[in-house]
Every structure is written in C-alpha cells, then in structure tokens.
Amino acid sequence: MIVEISKIISNGCGIGWADGKTFFIPFTIPGETVEILQFKKEKSYHKVTGFKIITPSKFRRKPICNYYEVCGGCSIQHIEYQKQLEIKETI
C-alpha cells in the first residue's frame, strides 16, 4: 500500500491515509511517499512497523546520532533543522 505523508504529529510520526485507514509512520517527513510493508492495528489508527520510502523529502538528512532510531529521544532528527522549526511551530 502506498501512502503520502501529510503531516507530523507531536510524537514525531508522520500521518498518511489510504483505503479509509489512518497510518502513523515513524521517521517520515510531510510530502514523502512510502510503501507500507507491515503495520499493527490500534483502536482508531494503524501503527506502521515496516515501510520503504519511495519518494524522499528534500529536507531529509542523516541523523547525527548513531542511536537515533532506537533511543526515541529525538523524534525528528532526520529532518533539516529549519524544517524542524516549522514542524514544531505547526504542532
């Protein structure tokens, strides 16, 4: 299933919709297109646990921390800093 990320919410997950379902996709950026490979159904949404980025954002960068994806302390470190500020203002 292919989903376009519409926005990021306060926990750092991107949100996308497909087939009438809401998907929370970690480590994504608004405007990116991802292929959902695996997800877990929650009460009112689906938490994506496996995905592949089809179209990356021009704001994507390599996180500076080696523990970024496992620690959970910096949920949007994969985004250029100026874009992080815009996202934080929106949230």
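General remarks:
- Single condition GLY20 does not satisfy, out of (1) on the phi > 0 side of the Ramachandran plot; (2) open to solvent by 100 Å² or more (accessible area, probe 1.4 Å): (2)
- Test: ILE2 is touching a helix residue (DSSP H, G or I) at 6+ places or on another chain (Cβ under 7 Å) and either among the aliphatic types (A, V, I, L, M) or more than 20 Å from GLU89 (Cβ to Cβ) (or both): no
- Within segment 55-65, at least one residue is hydrophobic (A, V, I, L, M, F, W, C), more than 12 Å from the chain's Cα centre (by Cα) and farther than 20 Å from VAL3 by Cα.
- The set of residues in segment 23-56 that are open to solvent by 60 Å² or more (accessible area, probe 1.4 Å), within 18 Å of ILE79 (Cα to Cα) and either β-branched (Val, Ile, Thr) or modelled with pLDDT under 95 (or both) comprises ILE54, THR55.
- Inter-residue pairs, beta-carbon under 9 Å, first open to solvent by less than 60 Å² (accessible area, probe 1.4 Å) and in segment 68-91, second of a type outside the set (S, T, N, Q) and in a helix (DSSP H, G or I), 6+ apart: ILE76/LYS83; ILE76/ILE87; ILE76/LYS88; GLN77/TYR68; HIS78/TYR68; HIS78/GLU69; ILE79/ILE87
- Residue check: ILE5 meets all listed conditions (1) open to solvent by 60 Å² or more (accessible area, probe 1.4 Å); (2) at pLDDT 95 or above; (3) touching a strand residue (DSSP E or B) at 6+ places or on another chain (Cβ under 6 Å) but one, namely (1).
- In segment 38-62, the residues that are closer than 18 Å to GLY12 by Cα reach residues that are among the polar types (S, T, N, Q) and exposed (fewer than 13 other Cβ atoms within 10 Å of the Cβ) with C-beta atoms within less than 9 angstrom, at least six apart or across chains, in these pairs: PHE39/THR49; LYS40/THR49; VAL48/GLN38; THR49/GLN38; GLY50/GLN38; PHE51/GLN38; PHE59/GLN82.
- Flag for CYS65 being within 14 Å of ILE9 (Cα to Cα) and either open to solvent by 90 Å² or more (accessible area, probe 1.4 Å) or at pLDDT below 95 (or both): no
The values are calculated or read from the model by the stated rules, or taken from the named source; none is laboratory data. All values reported here derive from a predicted model rather than from experimental measurement. As a convention, Cβ positions derive from the backbone with ideal geometry for all residues, glycine included, and neighbour counts pool all protein chains shown. Calculation scope for accessible area: heavy atoms of the full protein, side chains included, ligands and nucleic acids excluded. Shrake-Rupley method; radii C 1.70, N 1.55, O 1.52, S 1.80 Å.
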